[in-house]
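Report on one structure; see the data block that follows.
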Amino acid sequence: MDYLDVARRAALEAGDLLKRYLGKVEEVEYKAKNSLVTEADRIAENLIIKAIKQRYPAHGILAEESGIERQGSNYLWIIDPLDGTTNFTHTYPFFSVSIALEIDGEVKIGLIYDPIKDEMFIGERGEGALMNDKKIVVSDALKVEVSNLCTGFIHTADWMVEENLRHFGNFIRRARAVRRDGSAALDLCYVACGRYDGFWELGLNPWDTAAGYLIVEEAGGRVTKFGGEEYNINDQEIIASNGKIHDEMMNVLTLGRSNNSRESTVKD
């Protein structure tokens with residue numbers, strides 16, 4: 001598919017740029033508490049948008065730093081040029097480029113590139129999921145107690161911090177291990193290829209999950225909201241798993257839910 005070729009080339013070019021900037025960042029700004037942006041984010045995003053617009057000038061764009069430019073199109077490219085900016089700023093080598101294409105309201109293509117490991121994860125609706133052009137599938141873990149799980153924390157809403165601390169405590173008492181790596185896009189890819197058995201998080205944005213949730217589903221996994229409702233990239237909560245431990249994960253999350261109102265937040 002030509003769309004995928006454009007995304008692949010743009011992600012590779014952006015990934016090369018990020019590697020050149022790693023350890024050499026000069027400009028770091030705060031969008032919100034613990035939500036950073038660097039010159040590398042902006043340059044990589046502009047590079048990706050330019051590549052897409054050269055081929056598809058009428059398509060819409062939703063990008064983390066630039067916002068939305070829909071132009072009335074049924075095609076919307078959803079871009080996170082650097083998922084894991086805090087990691088990148090501290091030269092912690094766990095970050096990624098995420099590009100998804102939504103057509104008529106449904107995500108059809110998801111691509112996530114880890115430039116450090118040179119791993120490219122791809123999902124096409126109805127066509128399965130790949131890592132470096134080899135098919136991937138989710139793990140076969142049957143219970144949380146034998147599972148390796150992951151999550152992330154948002155800092156701009158106190159209720160989310162407190163609630164996820166409860167979730168983290170509940171899972172770490174029940175799972176084999178719980179990790180917090182700092183790139184939701186890669187966390188989802190790791191569920192898709194079986195490195196993780198499950199993932200949950202609060203407060204994510206469409207560019208954080210649009211590509212990754214499709215990759216998980218195409219790898220045979222399950223993605224929902226905390227209560228099992230169908231997931232939408234605009235939702236503020238997500239569980240992704242191999243499917244086999246999904247119901248058990250939902251039960252554990254129920255233990256930590258608060259009654260506070262859910263408010264919209266922004267995550268880097």
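Computed quantities for the displayed model
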| quantity | calculated |
| --- | --- |
| Qualifying helices (runs of 4 or more DSSP H) (wholly inside the range 164-267; at least 3 residues being surrounded by 18 or more Cβ atoms within 10 Å (Cβ to Cβ), in contact with a Ser or Thr (Cβ under 8 Å, 6 or more places away or on another chain) and not assigned by TED's automatic domain parsing to the domain that holds Glu106) | 184-192, 206-218 |
| Positions within the range 98-115 being more than 16 Å from Gly212 (Cβ to Cβ) and surrounded by 15 or more Cβ atoms within 10 Å (Cβ to Cβ), in sequence order | Ile103, Pro115 |
| Filter result for Val178 (of a type in the set (Val, Ile, Thr) and under 19 Å from Lys225 (Cα atoms)) | no |
| Condition broken by Lys117, with the remaining ones in (1) more than 18 Å from Ala192 (Cβ to Cβ); (2) without any contact (Cβ under 8 Å) to a residue 40 or more places away in the chain satisfied | (1) |
| Hits in the range 127-163 - residues which are in contact (Cβ under 8 Å) with a residue 24 or more places away in the chain, in a strand (DSSP E or B) and surrounded by fewer than 18 Cβ atoms within 10 Å (Cβ to Cβ) | Gly128 |
| Among residues of the range 108-166, those that are in contact with a His (Cβ under 8 Å, 6 or more places away or on another chain) and hydrophobic (A, V, I, L, M, F, W, C), counted | 1 |
| Search result, residues across the range 1-16 that are under 19 Å from Gly84 (Cβ atoms) and surrounded by fewer than 19 Cβ atoms within 10 Å (Cβ to Cβ) | Leu12, Glu13, Asp16 |
| Unmet criterion (only one of (1) on the phi > 0 side of the Ramachandran plot; (2) modelled with pLDDT of 95 or more) for Gly203 | (2) |
| Candidates Tyr213, Tyr196 - the one that is at pLDDT 95 or above, within 22 Å of Val146 (Cα to Cα) and not small (Gly, Ala, Ser) | Tyr196 |
| Residues of the range 165-206 satisfying the condition of being among the aromatic types (Phe, Trp, Tyr) and out of contact with any Leu (no Cβ under 7 Å at 6 or more places or on another chain) | Phe168, Tyr190 |
| Listing of helices (runs of 4 or more DSSP H) fully contained in the range 1-119 that carry 1 or more residues being among the basic types (Lys, Arg), modelled with pLDDT of 85 or more and more than 23 Å from Tyr190 (Cα to Cα) | 2-21, 39-55 |
| Residue match in the range 249-257 (condition: modelled with pLDDT under 95 and under 30 Å from Glu45 (Cβ atoms)) | no |
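The values are calculated or read from the model by the stated rules, or taken from the named source; none is laboratory data. On a predicted model such as this, the values are computed, not experimentally measured, just so you know. Cβ: placed from backbone, ideal geometry, glycine included. Neighbour counts: every protein chain shown.
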